[in-house]
Structures are given as C-alpha cells and as structure tokens.
Amino acid sequence: MSTGATVVADMAGKLTLERITHRFGGGKPAVDDLTLELHPGELLALVGASGSGKTTTLRIAAGYEQADEGRVLLDGRDITRLAPQGRGFGMVFQHYALFPHMTVEENVAFGLEARGIRKAERLRRALQTLEGVGLAGKGKRAVQALSGGEQQRVALARALVIEPRVLLLDEPLSNLDPTLRESTRADLRDMLHRLNVTALFVTHDQEDAFAVADRVALLRDGRLLQVGTPETLYDLPASRSVAEFIGRASLLPATVSGGKAAITVGGRSLRVAVRSGGTTPVGGSGLAVLRPEMLSLAPARSPGPAAESDDIWSGEVRERRFAGGVTVYDVMLDGGQGVEIASDVRHARPGDRVEVRVVADAVAVVEAAEEG
C-alpha cells in the first residue's frame with residue numbers, strides 16, 4: 001500500500017472458507033459444511049435470520065473461533081490455527097468500539113501503535129487514511145462530536161490503516177438511522193471498491209446486502225443455501241427457502257412443460273415462460289415465484305364471455321398499504337391463494353373485487369418441498 005489511504009491491487013487477498021463445520025457444546029452445527037470463496041477485491045455479504053451462522057462464520061474467518069472441521073485459507077495458505085493478530089485482517093465491529101478518551105486520529109492510529117510503528121509514521125498514515133474515507137481535517141476531533149455515519153468511517157479507517165488483506169465487517173450499518181443508513185450504503189461500497197479491499201460482511205438486512213455487496217451468501221441453520229449476485233438470488237432463487245427469504249414473493253402451484261409454467265389457481269391456468277438459468281423441479285411440478293411487481297391489479301369487470309376468456313384470476317382485496325410510488329395489495333384469489341401485488345392503482349379498498357394478471361415475461365419455478 002503506497003499510502004494509508006490507498007490499497008493497491010496486490011494487497012487484496014483471496015479468502016477461502018473450505019468445508020467449515022463448527023458446533024457449540026457438541027450439539028447441532030452452528031456452521032455446517034460451509035464453503036465460500038472471496039476473490040481479491042470482492043465484497044461478499046453473509047445474510048440470514050438470527051441463528052443462521054453468519055456471525056460464527058465471520059468469527060471463524062477472523063480467528064476468534066476455531067472450526068471443528070475445515071480450513072481457512074488466505075491466498076492458498078492455511079491460516080486455520082493462526083491467531084487473529086497474525087492474520088493481518090481488519091475488523092469493523094457492530095458497535096464500532098471506538099475509544100472515547102482518544103481523538104479521531106488517535107483512534108485510527110491505535111492499531112499501528114500496537115504494531116510498534118513510530119509516532120510520526122502512525123500519525124502520517126492515520127491522516128492519510130482519514131482522507132481516504134472522507135474525514136480529512138477531522139483528526140483532532142473527539143469521536144463523540146461526530147455523527148453516526150462519521151463514527152462508522154472512523155471505525156473503517158482504523159481497520160484499513162493496518163493495510164489488511166481482508167476486511168471483516170459485523171453489521172456495519174445497523175447503528176445508523178434509516179436516512180443516514182441509505183446514503184452510507186453507497187459511500188461504503190464506493191470506498192471499499194476504490195480502496196480495492198476484499199471484504200466479508202455480516203448483515204440481517206437484505207437492502208444493505210443488495211446495495212453494498214458484489215455477491216450475497218444466504219445461510220440457514222448454518223448451511224449455505226445459495227451464493228450469487230443480488231440479482232441472481234432475487235430473480236433465480238435456487239430453492240423455496242431462498243425465494244421466501246429474499247425479497248417478497250407469492251408462491252403458486254405450477255407445472256413446467258416446454259419451457260413454460262402453467263400456474264393454476266382455482267382451476268384457471270396462466271402460462272408464463274420459465275426463466276432460463278434456473279433449475280426445473282423434478283417431475284415438472286413446483287411453485288412459481290411471483291414477486292409483487294410481476295402482478296397487475298384492475299377492478300373486476302362484470303362476468304361475461306370476454307372476461308372468462310382472458311388470462312386473469314379473480315379475487316378480493318384483503319389489505320392495502322401505501323408505499324409511496326406504489327400501493328401494495330394483499331389479494332385473496334378465488335382459488336384460495338393469497339398474493340401480494342405492487343400496483344400504481346390507488347383506489348382499491350379491502351373488500352373490492354379485482355382482476356389479477358401476470359405481467360412478467362418469465363418466472364422462476366422452485367421445488368415445493370423445503371430443504372432438509
């Protein structure tokens with residue numbers, strides 16, 4: 001790294017978690033046969049519900065927990081038994097762990113002091129790193145005088161000043177208010193890409209993961225369900241569990257044949273192309289994944305031959321929620337299936353009869369059975 005503010009390409013490390021399994025107290029695995037590979041300069045988010053194994057995986061990567069099975073590799077070198085301080089990783093904790101009695105620049109320089117770097121060099125690198133994260137001129141301030149977003153940048157600078165091969169972040173945005181959180185997502189992604197650091201971060205918030213990460217890994221009960229770009233997980237979920245966890249979706253019975261899915265509700269089937277790149281369910285039957293924006297809603301017309309011949313389902317509005325640019329409706333179709341629809345129609349009210357169409361060009365279809 002030529003300065004404390006710029007990570008050059010050859011500093012970004014390749015991190016591999018190879019068949020990691022970890023149990024607490026000999027019980028059910030907290031992490032179960034997990035394999036992940038982070039390419040140099042890549043940002044990868046670990047997402048999952050509480051207890052899914054996200055934080056345990058991060059702690060194993062950092063060296064704070066030891067896996068019962070498997071290996072941790074940095075650029076192909078086995079560092080599984082190496083202590084945290086010997087790995088050269090940067091760590092940004094959920095609550096930042098800044099020292100209130102130190103100035104901003106002293107907080108950033110602290111890790112260099114622990115490594116025996118002389119005071120003048122510590123200060124030079126701390127100021128350069130603060131400039132790199134957009135905090136130039138704020139080194140003399142008390143950390144309590146900074147906003148939440150600025151404190152997050154100080155924590156990031158403190159992790160980056162040691163020139164880490166890999167940066168680990170534990171819920172880095174969770175302490176920010178919603179407005180600041182949204183703007184900080186873009187800043188964090190831009191900074192990490194500009195600094196060319198390999199980063200693994202844990203979050204329970206899908207919006208954070210989608211906004212920041214190059215790829216997202218979804219965990220459940222310690223097992224990896226799917227890893228891919230945010231678009232892949234949303235558009236082509238590998239399983240019912242992924243479809244239900246990522247975003248919002250209505251899952252309706254479907255039969256796949258000839259590249260099309262016949263989605264049947266109440267005896268009426270709508271045929272839609274199946275998205276390429278997914279996996280066709282065994283036997284051709286499964287669940288079509290219908291995101292709210294894939295459905296349209298309109299007031300019901302009077303019954304008649306024209307309406308009967310249309311590719312529509314009929315139903316009744318159960319609930320509505322205004323969401324700014326769209327109104328989100330919960331509709332019970334006549335066949336007994338509930339769907340969620342994001343619509344620019346604003347006047348429908350609970351109890352109104354409506355017609356529902358599939359407006360997507362193609363849909364994903366997943367197995368109906370849950371993973372074991």
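The values are calculated or read from the model by the stated rules, or taken from the named source; none is laboratory data. Here the structure is a predicted model, which means the values were calculated and not measured. Cβ placement follows ideal geometry from the backbone for every residue including glycine, while neighbour counts extend to all protein chains displayed. Heads up: the accessible areas ignore ligands, DNA and RNA and are worked out on the full protein's heavy atoms, side chains in. Shrake-Rupley method; radii C 1.70, N 1.55, O 1.52, S 1.80 Å.
Conditions (1) in a loop (DSSP other than H, G, I, E, B); (2) over 25 Å from residue 42 (Cβ atoms), marked per residue:
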| residue | (1), (2) |
| --- | --- |
| 136 | yes, yes |
| 159 | no, no |
| 167 | no, no |
| 173 | yes, no |
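Out of curiosity, is residue 306 at pLDDT below 90 and closer than 17 Å to residue 253 by Cβ?
Details: at pLDDT below 90: yes; closer than 17 Å to residue 253 by Cβ: no.
Answer is no for this residue.
A quick yes/no check of all residues on (1) in a strand (DSSP E or B); (2) open to solvent by 50 Å² or more (accessible area, probe 1.4 Å):
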site	(1), (2)
315	yes, no
320	yes, yes
357	yes, yes
369	no, yes
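Would you point out the residue of segment 103-120, among those that are without any contact (Cβ under 8 Å) to a residue 40 or more places away in the chain and more than 33 Å from the chain's Cα centre (by Cα), that is surrounded by the most Cβ atoms within 10 Å (Cβ to Cβ)?
Here is the first cut: in segment 103-120, the residues without any contact (Cβ under 8 Å) to a residue 40 or more places away in the chain are 105-106, 113-114, 116-120.
Restricting the remaining residues to those that are more than 33 Å from the chain's Cα centre (by Cα) gives 113-114, 116-120.
On the way: 113: 13, 114: 10, 116: 7, 117: 18, 118: 10, 119: 10, 120: 8.
Of everything passing the filter in segment 103-120, 117 is surrounded by the most Cβ atoms within 10 Å (Cβ to Cβ).
Failed condition for residue 346, given (1) at pLDDT 95 or above; (2) open to solvent by 60 Å² or more (accessible area, probe 1.4 Å), with all others met?
In the conditions (1) at pLDDT 95 or above; (2) open to solvent by 60 Å² or more (accessible area, probe 1.4 Å), residue 346 misses (1) alone.
For segment 329-343, enumerate the residues that are open to solvent by less than 20 Å² (accessible area, probe 1.4 Å) and under 27 Å from the mean Cα position of the chain (by Cα). Let's see the steps before the verdict.
Initial filter on segment 329-343 (open to solvent by less than 20 Å² (accessible area, probe 1.4 Å)): 329, 331, 333, 339, 341, 343.
Within segment 329-343, 329, 339, 341, 343 meet the criteria.
Can you tell me which of 43, 73 is open to solvent by less than 10 Å² (accessible area, probe 1.4 Å) and under 27 Å from residue 190 (Cα atoms)? Give the steps one after another, and end with the answer.
On the way: 73 fails: open to solvent by less than 10 Å² (accessible area, probe 1.4 Å).
After applying the criteria, what remains is 43.
Select, from 153, 81, 141, the only residue that is among the basic types (Lys, Arg), more than 20 Å from residue 200 (Cα to Cα), open to solvent by 40 Å² or more (accessible area, probe 1.4 Å) and without any contact (Cβ under 8 Å) to a residue 60 or more places away in the chain. Step through it out loud before you land on a result.
Working: 153 fails: more than 20 Å from residue 200 (Cα to Cα); 81 fails: more than 20 Å from residue 200 (Cα to Cα).
Just one listed residue meets the conditions, 141.
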